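Here's the structure, in structure tokens; my notes come after.
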Amino acid sequence: MKKGLVVIYDPHSLHQFIWYKCTYGLEKRWDALCLPNDYMGMYMDTYCNRAGVFDQIFTGTINYIQLPMKEKAMLFAKMCFYYIIGKRRRCCKKILDEYVGDIDNYDELIAICDTGFVSGLFALLGKEKKVVYLDDGAGEYNKRSRWKNAYKISSGVYWQSFFMACMGYGCKGRFYFGPTKWCYKYSAVTSEMKYTNYKEMLNLFDMSSTDISLYEDLLNRIYPDIKKLDFESAEAIFFTDPMSGFWEDYQKYVDECIQYIGNRYKSIIIKKHPKDTATYDFGSDVKVQIVDNEIPAELILDRIKGKNIVFNCISSIIIFMRPYKYKFEILYSNRMYEGSIRSSVSKMKYVPYEKVLNYCEKFAKGYYKIVNI
């Protein structure tokens, strides 16, 4: 039997893989490589164990972009040497073998995106193996450049990412990345993808060939707490993004959102972004249910039909929600944007109104309302 390997960073990547397995991977044995992400650490091995679909579950703790300078320089020199002699794939396999023993045991490799160090290396193997990338959210729908990305040109991370992309090893920062031309890409909204350098682009969460019974059984096994939520009694679903990175006094905006929602609904479900540490106190007059942070928001989308949906900021969930054609509201405050300019917490600005409008027009035209609070 053929064998595949999937990289699992977070609940989103595990959820998307479960769909892929139940749609295209039923006849294949699978292993998982659980890697730490930037804010939650290494934890997904527990959830992969619950799934019961993996022969082996590997874990890795190395964040290559944050290696000490000496180690990073040695690794970079090694990669440059293999690039010069035309043996990039050999170098790639040596690195991946440190995680899983022998990468040649697998004929298919899957990751949520090609911008991680390990998952970026997968693309180089696309000539000899099937390499699949799933959907990492809003960042996937931007154009990629050979020269520019999200980092400042004066940043060391920029130059690391730039040279890695040029040599074809990875594309942290979402540079144009040549090796993806051998890979398959699954997107929630394929028609809106600006970067199309893939062998084939397909629709994520197309259920026409999915073993629905197995899909639902596996997700309930991995996330049993979802059964504890009373979706029927909830009048509204509130999806939050973290505000603390944009505004020093972000709780004021949170309180304004609470007031708006509390004046309209008596029973709500809150799905907080895992990075959101704000307190949402609606008092005793509003029944509040909290979705566990480990449950991906996409998992509840098919359970909220007919409910009022509210966001406190533009979110990747709007992209994944598009096939459902749900109507929703986004709460907005000009004070939040103006305050963020002076913020000592972050150099980033809060999303301006025009960007909120353009995002909604792109992914939810005719199905949204921006509410100024």
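The values are calculated or read from the model by the stated rules, or taken from the named source; none is laboratory data. Quick caveat, the model's predicted, so the values are computed rather than measured. Here Cβ is always computed from backbone atoms with ideal geometry, including for glycine, and neighbour counts include all displayed protein chains. The area values use the complete protein model at the heavy-atom level, side chains included, leaving out ligands, DNA and RNA. Shrake-Rupley method; radii C 1.70, N 1.55, O 1.52, S 1.80 Å.
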Only one of 74, 79 that is open to solvent by less than 40 Å² (accessible area, probe 1.4 Å), of a type outside the set (Ser, Thr, Tyr), in a helix (DSSP H, G or I) and farther than 22 Å from residue 202 by Cα
79
Residues of region 232-264 satisfying the condition of being among the polar types (S, T, N, Q), open to solvent by 20 Å² or more (accessible area, probe 1.4 Å) and outside any loop (DSSP other than H, G, I, E, B)
251, 259
At least 2 residues that are surrounded by 20 or more Cβ atoms within 10 Å (Cβ to Cβ) in each: list the strands (runs of 3 or more DSSP E) lying fully within region 265-342 that qualify.
267-272, 308-311, 328-332
Where a residue in region 127-141 is under 14 Å from residue 174 (Cβ atoms) and its partner, wherever it lies, is modelled with pLDDT under 90 and in a strand (DSSP E or B), with Cβ under 8 Å and at least six apart
none
Limited to region 159-197, what total is found for residues that are assigned to a loop (DSSP other than H, G, I, E, B) and either open to solvent by 50 Å² or more (accessible area, probe 1.4 Å) or of a type in the set (Val, Ile, Thr) (or both)?
6
Within region 49-71, does at least one residue satisfy the condition of being open to solvent by less than 70 Å² (accessible area, probe 1.4 Å), part of a helix (DSSP H, G or I) and more than 21 Å from residue 10 (Cα to Cα)?
no
Could you please let me know if residue 214 is within 27 Å of residue 188 (Cα to Cα), assigned to a helix (DSSP H, G or I), open to solvent by 10 Å² or more (accessible area, probe 1.4 Å) and of a type in the set (A, V, I, L, M)?
yes
